[in-house]
Amino acid sequence: MTIFGIFLVLATLWTLAYKPAKASVWIITLPVTLIVLQSISLLTLGWALFFWILYAICLSIYLAPEQRRQWISTPLLHQFRKVMPKMSKTEQEALEAGNVWWDGELFSGNPNWNRLLRYPKSELSNEELAYLDGPVEELCQMLDDWQITHHDQAMPPKVWEFIKDSGLFGMIIPKSYGGLEFSALAHSTIVMKIASKSIAAAVTVMVPNSLGPAKLLLHYGTEEQKEQYLYGLASGKEVPCFALTGPKAGSDAGAIPDLGIVTNGTYQGKETLGIRLNWDKRYITLAPVATLIGLAFKLEDPDHLLGDTEQLGVTVALIPRDTEGVEVGERHMPLNIPFQNGPTLGKDVFIPMDFIIGGQKRVGQGWRMLVESLSEGRGISLPALSTGAGKMACRYTGAYAAVRQQFGMPIGRFEGVEEALARIAGMTYQMDATRHLTLDGLDSGENPSVISAIIKYHTTERYRQVVNDAMDIQGGSGICLGPANLWGRAYQAIPIAITVEGANILTRSMIIFGQGAIRCHPHILREMEAVHEDDEELAVRQFDQALFSHIIFVMTNIARTTWLGLSHGRLSRKPVSGITGLYFQRLNWMSAAFALSADVALMTLGGALKRKERLSARLGDLLSELYIASATLKHFISTGERKQELPLMQWAMEDSLYRMQEALRGLFRNLPIRPLAWILRFLVFPTGLRFHRPTDRMDKAAAKLLLQPSETRDHLTEYIYTSSNPSERSGLLDLALEAASAAAPVEKLLRDARHAGRISRKGELSLVEQALEHGVITQDQADKLARAEELRDQVIQVDAFKDLKCKATPKPRVKAAEKSKG
């Protein structure tokens, strides 16, 4: 009976923590519970005394804030100051860049799913749709990627002229300055469509609309600077680049060695206060053709011409190409994707102070400006390029797998190929869902810096996996470069996407959780602000409030994780019913587990977690998969919960849940305090590991969607370049798939007739001729077989050249009609 009484007390504490209950409810409920249990003899005097003393201690701590601050909070604050690593200025500015959005809900351990579903869905306007069907379609038809990448190693002048004249460099610039003023969704969709035809062209278009002079001017420029430059940037008269990376400052961009000295000098024949600059930058996209260079450098004022401070910090300026001392023009060649990219150097370049973006008042604010602009830009461009590659794989490798036959059947029906096709379909669905949710936020005015890192890393990594799977399925047709190869350049471009706008290894191991833990956690940032507060009394008050709120937060997540682990989330709240509702409940469980695991890691490792990059990476993986899974469910619901797309949603959710579980397993196996790791694993997975990779049946259902024409296939591959022209590889594959699907029932008639002995491979007549003679098929059906065979034969051909320079005309493909009958 005593054990039962103790259990009831603990159950009461657990129930109060799970909600969590208000302080007044705690104060009233606990003594009432103890009195009732004592009155019915469920607690012995000793146990009752223990719980009463515990209650009295907690109550006195709560009701005596001055004593609590003196004896608890102040000593802990001093200890925190000793162990907390000093934050650099660049780290501080990175943390303050952007804002917290849905990532904050995921960090809470108790996401408000109704809030997620209420986020407005961004839609393309009629003007944007017309632009996609007009200038963007026309550009795609102009692009000959083999000519660009192999022969010319540059885009032809007519393409450059069209891009400029159609306003593609000014998608983000307001109409009042001559730009298109398109939404983030339109920006992303345009880049995605162009990338599906030519990655070189897509990169050329996306860079001026991402981290570059236009975005910096819009956010920080003076009115005079906007008037001077934005019209030219929108029209293409000015071609911009932005120079940040150099030989000695790559991922550690805060260590920029490029230096500017405040001094007096002569500009255009006039004496003026300005900056003497020297820089050495590389990997700068559009630098060889740029007319306007955005430059990041460190500014110093040794003669105190601006004030008492000598080290003024990172500053950003706009420098015309024709300024004396500027050197540009050489090119890098990034893996045979010949977008304009190269070094830029400056030697003793003098510029006036008003070349600084935002003017003199923006001196030293460059790093914050860059991080804020990057957090928005990298949430659009690279995810669009990656999703476009996924959609291409779904449409065209799926078609190839349905058309290409081995051992008398389409290769897409082999289980090994089905597994790869399922990954292609499921990961593309994940990428598109994540892209859409992020764009919804951007178009609503959000600027989520942590989420932009998540989507950049995970879409480009899925791009890598999807294209690798596509190459495996394509086989020899994937490795033979030529006009007929849709995959060679996409495969070569993978490391470019992985590397730019934050190298993926760094993004995963240091940024996603390292930045997310401070920005998105409901209490850590307030604790850190208190630690760095100079006013001691204010610091103690702030720290006290944040600390005890944090303690309650941990107690709540212990209770939630335990209960959700025991029930597999099934008894938690969900915004919808059915299988989708069950997945929301699973995410409730994983969100609570993440919040608790993150706090345990932070409390036990403290500042050392910053150096435990692999632990930080696993926590980042967990946060990322929670975001991807959230996006998947919202995408499924916001697109009408189409029954035909259920296999894609289920595959994507099972994949994300399994990845979350594996991230937690890796974390628990490597936490340094082993007993705590065992306890944590028991709390999170009390009944054992629950999640698995998608089943073979799920793989088959997802893969099947890519093997035949359907509305679902069209929706999954929406807004990439398609063609009905058989002279284009994309058009040929679509036509071949339609023909193969039309011929499939006829092929079944032939197989059945052969098994029944009505037709045979023996004899002079082909199977089709025998089937016609015996009335198994009609002439119309025979024509369908012939059409499918003709197109299949064209699809399986690869380019061949007269010499290894591949500059000769490719050999003509053999037509099916030229082959022998049967």
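Which one is most open to solvent (accessible area, probe 1.4 Å) among residues in the range 115-134 that are over 25 Å from the mean Cα position of the chain (by Cα) and of a type in the set (D, E, K, R)?
Asp133
Can you pull out every residue in the range 667-694 that is surrounded by fewer than 17 Cβ atoms within 10 Å (Cβ to Cβ), closer than 15 Å to Ala598 by Cβ and among the small types (Gly, Ala, Ser)?
Scanning the range 667-694 gives no hits.
Does Glu137 satisfy the condition of being charged (D, E, K, R), farther than 24 Å from Val289 by Cβ, open to solvent by less than 50 Å² (accessible area, probe 1.4 Å) and under 25 Å from the mean Cα position of the chain (by Cα)?
no
Need at least 1 residues that are of a type in the set (S, T, N, Q) and open to solvent by 40 Å² or more (accessible area, probe 1.4 Å) per element, so show me which helices (runs of 4 or more DSSP H) inside the range 459-548 make the cut, counting only ones lying wholly within it.
Those helices (runs of 4 or more DSSP H) span 488-492, 494-499.
Given the structure, is Ile451 open to solvent by 10 Å² or more (accessible area, probe 1.4 Å), under 12 Å from the mean Cα position of the chain (by Cα) and under 16 Å from Leu374 (Cα atoms)?
Taking the combined requirement at face value, the residue does not satisfy it.
Looking at the range 361-371, is at least one residue open to solvent by 30 Å² or more (accessible area, probe 1.4 Å), within 25 Å of Ala470 (Cα to Cα) and not in a helix (DSSP H, G or I)?
Scanning the range 361-371, I find no residue that is open to solvent by 30 Å² or more (accessible area, probe 1.4 Å), within 25 Å of Ala470 (Cα to Cα) and not in a helix (DSSP H, G or I), so the answer is no.
Suppose the filter is in contact with a Gly (Cβ under 9 Å, 6 or more places away or on another chain), under 17 Å from Pro208 (Cβ atoms) and not β-branched (Val, Ile, Thr); does Gly364 pass it?
Working: in contact with a Gly (Cβ under 9 Å, 6 or more places away or on another chain): yes; under 17 Å from Pro208 (Cβ atoms): no; not β-branched (Val, Ile, Thr): yes.
Against the criterion (in contact with a Gly (Cβ under 9 Å, 6 or more places away or on another chain), under 17 Å from Pro208 (Cβ atoms) and not β-branched (Val, Ile, Thr)), Gly364 does not qualify.
Looking at the range 1-26, which of the residues that are under 19 Å from Thr562 (Cβ atoms) and among the β-branched types (Val, Ile, Thr) is surrounded by the fewest Cβ atoms within 10 Å (Cβ to Cβ)?
So, considering only residues that are under 19 Å from Thr562 (Cβ atoms) and among the β-branched types (Val, Ile, Thr), the one surrounded by the fewest Cβ atoms within 10 Å (Cβ to Cβ) is Ile3.
Mind checking which residues of the range 259-294 are closer than 30 Å to Ala202 by Cβ, of a type outside the set (A, V, I, L, M, F, W, C) and assigned to a strand (DSSP E or B)? So that I can check it myself, show each step before the final result.
Filtering the range 259-294 down to residues closer than 30 Å to Ala202 by Cβ leaves 279-294.
With of a type outside the set (A, V, I, L, M, F, W, C) added as a condition, the list becomes 280-283, 285, 288, 291, 294.
Of everything in the range 259-294, those that are closer than 30 Å to Ala202 by Cβ, of a type outside the set (A, V, I, L, M, F, W, C) and assigned to a strand (DSSP E or B) turn out to be Asp280, Lys281, Arg282, Tyr283, Thr285, Gly294.
Do you know which of the residues in the range 201-224 that are open to solvent by 10 Å² or more (accessible area, probe 1.4 Å) and more than 24 Å from the chain's Cα centre (by Cα) is nearest to Tyr719 (Cα to Cα)?
By that ranking, first place goes to Leu218.
With the requirement that a residue be touching a residue at least 40 places away in the same chain (Cβ under 8 Å), open to solvent by 70 Å² or more (accessible area, probe 1.4 Å) and not in a helix (DSSP H, G or I), what does the range 27-62 give you?
Result: Ser41, single match.
Has the range 297-318 got at least one residue that is open to solvent by 10 Å² or more (accessible area, probe 1.4 Å), closer than 25 Å to Phe169 by Cβ and either at pLDDT 95 or above or not in a strand (DSSP E or B) (or both)?
The answer is no; no qualifying residue exists.
Yes/no matrix, rows are residues, columns are (1) among the hydrophobic types (A, V, I, L, M, F, W, C); (2) at pLDDT 95 or above; (3) open to solvent by 20 Å² or more (accessible area, probe 1.4 Å); (4) under 25 Å from Thr507 (Cβ atoms):
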{"position": "Met555", "(1), (2), (3), (4)": "yes, no, yes, no"}
{"position": "Thr561", "(1), (2), (3), (4)": "no, no, no, no"}
{"position": "Ser572", "(1), (2), (3), (4)": "no, no, no, no"}
{"position": "Leu582", "(1), (2), (3), (4)": "yes, yes, yes, no"}
{"position": "Ser591", "(1), (2), (3), (4)": "no, yes, no, yes"}
{"position": "Glu625", "(1), (2), (3), (4)": "no, yes, no, yes"}
{"position": "Thr632", "(1), (2), (3), (4)": "no, yes, no, yes"}
{"position": "Glu645", "(1), (2), (3), (4)": "no, yes, no, no"}
{"position": "Ser656", "(1), (2), (3), (4)": "no, yes, no, yes"}
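What single numbered condition from (1) surrounded by fewer than 16 Cβ atoms within 10 Å (Cβ to Cβ); (2) closer than 16 Å to Leu273 by Cα fails to hold for Glu324?
(2)
Within the range 702-774, which helices (runs of 4 or more DSSP H) (wholly inside it) include 1 or more residues that are under 30 Å from Val136 (Cβ atoms) and open to solvent by 40 Å² or more (accessible area, probe 1.4 Å)?
Ranges flagged: 711-716, 729-755.
Tell me which residues, restricted to the range 411-438, are in contact (Cβ under 8 Å) with a residue 40 or more places away in the chain and of a type in the set (Phe, Trp, Tyr).
Tyr429, the sole residue that qualifies.
Could you pull out the residue among Gly578, Gly606 that is at positive phi and touching a helix residue (DSSP H, G or I) at 6+ places or on another chain (Cβ under 7 Å)?
On the way: Gly578 fails: touching a helix residue (DSSP H, G or I) at 6+ places or on another chain (Cβ under 7 Å).
Of the residues listed, the single one that is at positive phi and touching a helix residue (DSSP H, G or I) at 6+ places or on another chain (Cβ under 7 Å) is Gly606.
Can you give me the number of residues within the range 379-410 that are open to solvent by 20 Å² or more (accessible area, probe 1.4 Å) and in contact (Cβ under 8 Å) with a residue 60 or more places away in the chain?
Total satisfying the criteria: 4.
So Met698 fits all but one of (1) more than 30 Å from Gln405 (Cα to Cα); (2) buried (at least 17 other Cβ atoms within 10 Å of the Cβ); (3) touching a residue at least 60 places away in the same chain (Cβ under 8 Å); what number is the exception?
(1)
When the range 228-244 is examined, which residues are found to be open to solvent by 40 Å² or more (accessible area, probe 1.4 Å) and in contact (Cβ under 8 Å) with a residue 24 or more places away in the chain? Working first, answer last.
So in the range 228-244, the residues open to solvent by 40 Å² or more (accessible area, probe 1.4 Å) come out as 228, 231, 235, 237-238.
Of everything in the range 228-244, those that are open to solvent by 40 Å² or more (accessible area, probe 1.4 Å) and in contact (Cβ under 8 Å) with a residue 24 or more places away in the chain turn out to be Tyr231, Ser235, Lys237, Glu238.
Could you list, in sequence order, all residues of the range 247-260 that are hydrophobic (A, V, I, L, M, F, W, C), open to solvent by less than 50 Å² (accessible area, probe 1.4 Å) and at pLDDT 85 or above?
Within the range 247-260, just Ile256 meets the criteria.
Scan the range 549-587 residue by residue and report those that are within 30 Å of Ile61 (Cβ to Cβ) and among the aliphatic types (A, V, I, L, M).
First, pick out the residues of the range 549-587 that are within 30 Å of Ile61 (Cβ to Cβ): 549-565.
Of everything in the range 549-587, those that are within 30 Å of Ile61 (Cβ to Cβ) and among the aliphatic types (A, V, I, L, M) turn out to be Ile551, Ile552, Val554, Met555, Ile558, Ala559, Leu564.
Looking only at the range 63-74, which residues are of a type in the set (D, E, K, R) and free of Cβ contacts under 8 Å to residues at least 24 places away in the same chain? Explain how you work it out, then say what you get.
Residues of the range 63-74 that are of a type in the set (D, E, K, R), as a first pass: 66, 68-69.
The one that is of a type in the set (D, E, K, R) and free of Cβ contacts under 8 Å to residues at least 24 places away in the same chain: Glu66.
Restricting attention to the range 415-426, which residues are open to solvent by 10 Å² or more (accessible area, probe 1.4 Å) and not small (Gly, Ala, Ser)?
Once the filter is applied, which keeps residues that are open to solvent by 10 Å² or more (accessible area, probe 1.4 Å) and not small (Gly, Ala, Ser), the range 415-426 yields Glu415, Val417, Glu418, Glu419, Arg423.
Are any of the residues in the range 648-671 outside any helix (DSSP H, G or I) and over 17 Å from Met427 (Cβ atoms)? Please lay out each step first, then the result.
Residues of the range 648-671 outside any helix (DSSP H, G or I): 671.
Next, from what is left, pick out any that are over 17 Å from Met427 (Cβ atoms): 671.
Taking every residue of the range 648-671 in turn, at least one turns out to be outside any helix (DSSP H, G or I) and over 17 Å from Met427 (Cβ atoms).
Within the group Ser198, Ser176, which residue is open to solvent by less than 10 Å² (accessible area, probe 1.4 Å), of a type in the set (S, T, N, Q) and over 19 Å from the mean Cα position of the chain (by Cα)?
Ser198
Within the range 63-114, restricting attention to residues that are closer than 30 Å to Ile28 by Cα and open to solvent by 60 Å² or more (accessible area, probe 1.4 Å), which residue is modelled with the highest pLDDT?
Asn112
I need the helices (runs of 4 or more DSSP H) fully contained in the range 156-218, keeping only those with at least 2 residues that are of a type outside the set (A, V, I, L, M, F, W, C) and under 12 Å from Ser235 (Cβ atoms).
Here the list reads 157-165.
The values are calculated or read from the model by the stated rules, or taken from the named source; none is laboratory data. Keep in mind the model is a prediction, meaning the values are calculated, not measured. Cβ: placed from backbone, ideal geometry, glycine included. Neighbour counts: every protein chain shown. These accessible areas exclude ligands, DNA and RNA; they are computed on the full protein's heavy atoms, side chains included. Shrake-Rupley method; radii C 1.70, N 1.55, O 1.52, S 1.80 Å.
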